[in-house]
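The structure appears right after this line, and notes come after that.
The values are calculated or read from the model by the stated rules, or taken from the named source; none is laboratory data. These numbers come from a predicted model, not from an experiment. Here Cβ is always computed from backbone atoms with ideal geometry, including for glycine, and neighbour counts include all displayed protein chains. Note: areas computed on protein heavy atoms with side chains; ligands, DNA, RNA excluded. Shrake-Rupley method; radii C 1.70, N 1.55, O 1.52, S 1.80 Å.
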Amino acid sequence: MINLRDGLTQYVALRRALGTKLQEPAITLGRFLDFLEGEEAEFITSELALRWAMQPQGVQRATWARRLGMVRGFAAWFSTIDDRTEVPPRRLLAARRRRNKPHIFTEQEIRRLMAQAGQLASPTGLRALTYTTLIGLLTATGLRPGEAMALDRSDVDLRNGILAIRQSKFGKSRFVPVTESTCAALVYYAKQRDKLCSRRRSEAFLVSERGARLQGYTARRTFATISCMVGLRPATGTRRVGRGPRLQDFRHCFATRKLVEWYRAGLDVGCELPKLATYLGHVDVAHTYWYLEAVPELLELATERLAEASARR
């Protein structure tokens with residue numbers, strides 16, 4: 001019978017072979033096994049899984065449910081190897097997922113974030129360069145953070161200013177044009193990256209200090225730390241970084257500003273919205289309409305336009 005550590009290695013390899021990236025769950029499940037070892041437990045029980053899942057304080061119940069769900073998936077697989085394994089019931093921490101209210105960055109906040117990212121310490125300076133470029137790219141394009149980090153060098157056409165987004169959410173691919181200023185910033189990054197990191201360890205366009213592809217968990221954690229430093233997240237005095245803006249909010253910010261721009265220009269937003277949905281890679285325009293509900297200024301502008309249209313009838 002294999003032990004839990006070896007089992008986790010096999011589980012992750014199997015899931016990835018089936019097409020799942022499984023980056024964050026692999027790290028999180030490793031910490032769960034650390035917890036089990038601290039408890040001197042030889043197998044998974046529902047009680048231990050629940051106690052571990054609920055360790056983080058000051059978070060939404062959905063966070064606990066997500067952690068428990070990761071354990072449930074692994075436990076269900078490992079129970080076929082070790083029949084002592086308990087699979088936590090599905091509704092043990094049932095939680096209705098609520099979309100986080102987006103943080104719409106001001107231009108001043110973006111400048112502060114980029115300035116702070118530019119001060120990130122590292123032996124070569126590549127870490128600061130990469131994170132300022134990541135923030136700038138997300139601001140300028142509205143890409144999903146995972147899409148930006150998944151870009152390979154071959155996906156970034158610096159001559160024509162086109163990004164190839166391949167097999168993103170829901171398996172969709174698309175081409176995203178960028179402005180001249182954004183393209184110039186990417187050209188500068190590529191030159192500096194190759195100068196600071198001559199030994200290529202990855203085909204990724206955005207790389208870590210060691211030349212490897214940026215990992216989502218690390219990028220989110222680093223951005224949260226930067227947000228604390230500029231006062232956008234509360235300082236907790238612990239390793240926790242509190243609640244506040246996320247990398248995903250740059251996407252919300254991009255979409256919101258585009259919609260506000262259209263409303264103020266007097267354009268028919270209903271006709272323009274499908275274009276934005278396609279650009280953002282939404283499978284349904286209804287997902288793009290969500291921004292109207294989430295941002296008060298957009299609701300106000302939409303109401304004003306509706307009233308104007310009714311008055312003309």
Looking at this structure, is GLY231 within 15 Å of ALA117 (Cβ to Cβ) and surrounded by fewer than 16 Cβ atoms within 10 Å (Cβ to Cβ)? yes
Those residues that are in a helix (DSSP H, G or I) and not charged (D, E, K, R), I need them from the range 27-45; list them, please. ILE27, THR28, LEU29, GLY30, PHE32, LEU33, PHE35, LEU36, GLY38
Scanning the range 144-164 for residues that are part of a loop (DSSP other than H, G, I, E, B) and under 17 Å from ARG213 (Cα atoms), the one least open to solvent (accessible area, probe 1.4 Å) turns out to be LEU151
May I ask you to list the residues in the range 29-44 that are open to solvent by 60 Å² or more (accessible area, probe 1.4 Å) and either under 19 Å from VAL12 (Cα atoms) or basic (Lys, Arg) (or both)? ARG31, ASP34, PHE43
Note down all Cβ pairs under 8 Å where the first residue falls in the range 42-58 and is modelled with pLDDT of 90 or more, the second is open to solvent by less than 60 Å² (accessible area, probe 1.4 Å) and of a type in the set (D, E, K, R), and they're at least six residues apart or on different chains. PHE43/ASP82; ALA49/ARG72; TRP52/ARG67; ALA53/ARG67
Return yes or no: is ARG221 in a helix (DSSP H, G or I), within 22 Å of the chain's Cα centre (by Cα), of a type in the set (Lys, Arg) and modelled with pLDDT of 85 or more? yes
Matching residues in the range 101-136 - criterion: being crowded, with 19+ Cβ neighbours inside 10 Å, without any contact (Cβ under 8 Å) to a residue 60 or more places away in the chain and either of a type in the set (Gly, Ala, Ser) or closer than 20 Å to LEU259 by Cα (or both): GLY136
Options ALA204, ALA224, ALA212, ALA219: the member that is free of Cβ contacts under 8 Å to residues at least 12 places away in the same chain and open to solvent by less than 40 Å² (accessible area, probe 1.4 Å): ALA212
Would you confirm whether any residue within the range 167-186 is closer than 19 Å to GLY136 by Cβ, over 23 Å from the mean Cα position of the chain (by Cα) and of a type in the set (D, E, K, R)? yes
